[in-house]
1. Go ahead and run the numbers for FRET between ASN34 and ASP96, Cβ-Cβ distance against an R0 of 25 Å, rounding to 0.05.
2. Order these peptides, 170-176, 99-105, by their mean beta-carbon neighbour count within 10 angstrom, highest first.
3. Could you compute the FRET efficiency for GLU200 and ILE130, with r as their C-beta to C-beta distance and R0 at 22 Å, rounded to 0.05?
4. For labels at ASP25 and ILE56 in the simple 7 Å Cα→Cβ model, what's the distance in nm?
5. Hey, can you rank 143-150, 74-81, 162-169 by average C-beta count inside 10 Å, highest first?
6. Skipping prolines and chain starts, which residues have an amide H placed within reach, meaning under 5 Å, of the one on VAL46, given they are 5 or more residues away or on another chain?
7. Going by average Cβ neighbours within 10 Å, how do the peptides 123-129, 89-95 rank, with the highest at the top?
8. For ARG64, which sequence-distant residues (separation of 5 or more, or a different chain) have an amide H within less than 5 Å of its own amide H, given hydrogens modelled in the peptide plane?
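Every number here is computed from the coordinates shown, using simple stated rules; none is lab data. This structure is a prediction, so every number in the text was calculated from the model and none was measured. Cβ placement follows ideal geometry from the backbone for every residue including glycine, while neighbour counts extend to all protein chains displayed.
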Amino acid sequence: MSRSGGEPAQLWTDVDAHLAAMFADDDALQAALNASRAAGLPDIAVSAVQGKLLHIIARAAGARAILEVGTLGGYSAIWLARALPADGRLLTLEADAHHADVARQNIERAGLANVEVRVGVAQETMPALIASQEGPFDLVFIDADKDGYPNYLRWSLQLTHPGSLIIADNVVRQGKIIDDAANDPQVQGIQEFNRMLASEPRFSATVIQTVGIKGHDGLAFAVVL
């Protein structure tokens, strides 16, 4: 089996495993993945090397307040929270109460006390954050339902400040984003998100393709100007 460009998918996976063992292997994080699978959560968390990338970016940016849209089992939240200073804070939003319960257990097991898992669909919780002036956040990580990405980007702009970073996962969709006739709402949502990212004058942004254990996809990066 191969993916785009004839690259063997197994090689991508093997290289990811090799790099994870060198740079991102961690018992607490592996326990979070194992617990999430045992609880029946979908196996769609970021890869280990992507999680380490998020951690490095958050630390390099000096983020003190982080917002995550889409908690799942808390794997990426652990990576991000570990980059925070002692008085930092991570707020992560999760639509599914069961996922949120698993995430809380994983985060507690990892020894983190600076993370709040808030239950509710982001279509409601993000506007509520704006209304309550709960920001601004130094970094926003978006990894939720893809058809919601355009709204999440709009609201993220209202919840950040100049210099904040916005990062979004799954923004290439196995290359399907170049299909103007795509009728998949998930792909259409990402297409609109990418157009917004490119055209909004308050962003300096780019999208990078990724390959690995998660297949062919991509990450978006934007600095708020």
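1. Details: r = 19 Å, r/R0 = 0.76.
With R0 = 25 Å, the Cβ-Cβ based efficiency is 0.85.
2. Details: 170-176: 19.1, 99-105: 21.1.
In decreasing order of mean packing, 170-176, 99-105 become 99-105, 170-176.
3. 0.80
4. 1.9 nm
5. 74-81, 143-150, 162-169
6. SER76
7. Numbers: 123-129: 16.3, 89-95: 23.1.
Ranking the peptides 123-129, 89-95 by packing returns 89-95, 123-129.
8. For ARG64, the qualifying residues are ASP138.
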